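Below: the structure, in structure tokens.
The values are calculated or read from the model by the stated rules, or taken from the named source; none is laboratory data. In this text, all values refer to a predicted model and were calculated from it rather than measured experimentally. Virtual Cβ from ideal backbone geometry, glycine too; neighbours counted across all protein chains shown. Accessible surface is based on the protein model in full, side chains and every heavy atom, while ligands, DNA and RNA are left aside. Shrake-Rupley method; radii C 1.70, N 1.55, O 1.52, S 1.80 Å.
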Amino acid sequence: MERSLSMELVRVTEAAALSSARWMGKGLKEEADDAATTAMREVFDTIPMKGVVVIGEGEMDEAPMLYIGEKVGNGYGSRLDVAVDPLEGTSIVATGTWGALAVLAVADAGDLLHAPDMYMDKIAVGPEAAGLISLDNSIEENIAIVAKAKNKNVEDVVVTILHRDRHEEMIQRVRATGARIKLIPDGDVAAAINTAFPKTGVDLLLGSGGAPEGVIAAVAMKCLGGDFQGRLLPEDEAQEKRCQDMGIADTGRILLLDDLVKGEDCIFAATGVTDGELLRGVQFTGQGGQTHSVVMRAKSGTVRFVEGIHSLKKKPKMVMKP
């Protein structure tokens, strides 16, 4: 994988963020997602890689572009698995709230788990608690482990959980430990990443969310030296069969970081669409747009924050006005 690919991929997430940010607060989440997807797809065509989408906007008959199996890149360079979420947090953008991102992840061909579209139980922590937590532990045990690893009192630990009815018991158990909770409406990729950056104030991610997003988050955590575990949660026979077709006969087993992202080289890139704990959202100023991105690579361990100032007059296709 070429070293220069990291900065090339930031251009992809920047384009998606700029395009979808125009829809902020307009109550039109599908239009925002379409704008991000279209912009991301167009820029992918300029990137020197031979990529295949393994996690995308759906199956070929479900999505017009960035569908599973679609080839992306200009046909030169490394053969790569590509995982995308052009707009993580469509509802967030529709309501103009906190923490929407444009995200993607790449790894050498065959290295990403082709996660099916179903729920996954998840846990994510930063480097201090990497290798110590487990989905087989109780909620209370994992919180105590993180507190000890980070030299904190349990009462100072912050746990992020998606605000869903299915998590009500988990929320009550976390509160009973004395730990604090940050409930989020959407966006558990961002929530997982936040555990690796002290300035976000987040220590631990718990709860279930989309399995494809789990793989994307796992790429980021591998780059950051953190930890991520997942367990697939099929809800019917069709989903069970999908797991078996992937080679996961025991859906109850824990998927460790190396099960989700094989190999030692992968890249994660994200650009803020709306303001979040780690990244600022897109700001429009006259004929320009400002973006704030992060890009990281596992092989080197390098994490870069990138601020972009874009002349939208010279890039009219980058932003589609609603």
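Results, tabulated for the structure shown:
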{"read-out": "Hits in region 236-274 (condition: touching a strand residue (DSSP E or B) at 6+ places or on another chain (Cβ under 7 Å) and among the acidic types (Asp, Glu))", "value": "ASP265"}
{"read-out": "Residue that is under 20 Å from the mean Cα position of the chain (by Cα), of a type outside the set (Ser, Thr, Tyr) and surrounded by fewer than 20 Cβ atoms within 10 Å (Cβ to Cβ), where the choices are GLY69, GLY56", "value": "GLY69"}
{"read-out": "Selection status of ALA115, open to solvent by less than 10 Å² (accessible area, probe 1.4 Å) and touching an Asp or Glu at 6+ places or on another chain (Cβ under 6 Å)", "value": "no"}
{"read-out": "Qualifying positions in region 18-29 - assigned to a helix (DSSP H, G or I) and either among the basic types (Lys, Arg) or open to solvent by 30 Å² or more (accessible area, probe 1.4 Å) (or both)", "value": "LYS29"}
{"read-out": "Conditions (1) polar (S, T, N, Q); (2) touching a residue at least 60 places away in the same chain (Cβ under 8 Å); (3) buried (at least 24 other Cβ atoms within 10 Å of the Cβ); number of the one not met by THR160", "value": "(2)"}
{"read-out": "Test set (1) open to solvent by less than 70 Å² (accessible area, probe 1.4 Å); (2) part of a helix (DSSP H, G or I); (3) farther than 30 Å from VAL12 by Cα - SER91 fails condition number", "value": "(3)"}
{"read-out": "Residue match in region 118-128 (condition: basic (Lys, Arg), touching a residue at least 12 places away in the same chain (Cβ under 8 Å) and in contact with a Leu (Cβ under 7 Å, 6 or more places away or on another chain))", "value": "yes"}
{"read-out": "Test: residue in region 125-137 that is crowded, with 18+ Cβ neighbours inside 10 Å, modelled with pLDDT of 95 or more, of a type in the set (Val, Ile, Thr) and more than 30 Å from MET40 (Cβ to Cβ)", "value": "yes"}
{"read-out": "Positions within region 64-79 being closer than 12 Å to PRO48 by Cα and in a loop (DSSP other than H, G, I, E, B), in sequence order", "value": "GLY73, ASN74, GLY75, TYR76, GLY77, SER78"}
{"read-out": "Unmet requirement for GLU155, which otherwise passes all of (1) exposed (fewer than 14 other Cβ atoms within 10 Å of the Cβ); (2) under 21 Å from the mean Cα position of the chain (by Cα)", "value": "(2)"}
{"read-out": "Residue, surrounded by the fewest Cβ atoms within 10 Å (Cβ to Cβ), within region 202-223, restricted to residues that are of a type outside the set (A, V, I, L, M, F, W, C) and assigned to a helix (DSSP H, G or I)", "value": "GLU213"}
{"read-out": "Qualifying residue in region 187-201 (condition: buried (at least 24 other Cβ atoms within 10 Å of the Cβ), in contact (Cβ under 8 Å) with a residue 60 or more places away in the chain and polar (S, T, N, Q))", "value": "yes"}
{"read-out": "Residue check for ALA115: in a helix (DSSP H, G or I) and touching a Pro at 6+ places or on another chain (Cβ under 7 Å)", "value": "no"}
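One line per residue, one yes/no per condition, for (1) open to solvent by less than 60 Å² (accessible area, probe 1.4 Å); (2) part of a helix (DSSP H, G or I); (3) over 25 Å from LEU279 (Cα atoms):
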position: GLU31; (1), (2), (3): no, yes, no
position: THR37; (1), (2), (3): yes, yes, no
position: ILE47; (1), (2), (3): yes, no, no
position: GLU62; (1), (2), (3): no, no, yes
position: ASP81; (1), (2), (3): yes, no, yes
position: ASP85; (1), (2), (3): yes, no, no
position: TRP98; (1), (2), (3): no, no, no
position: VAL103; (1), (2), (3): yes, no, no
position: LYS122; (1), (2), (3): yes, no, no
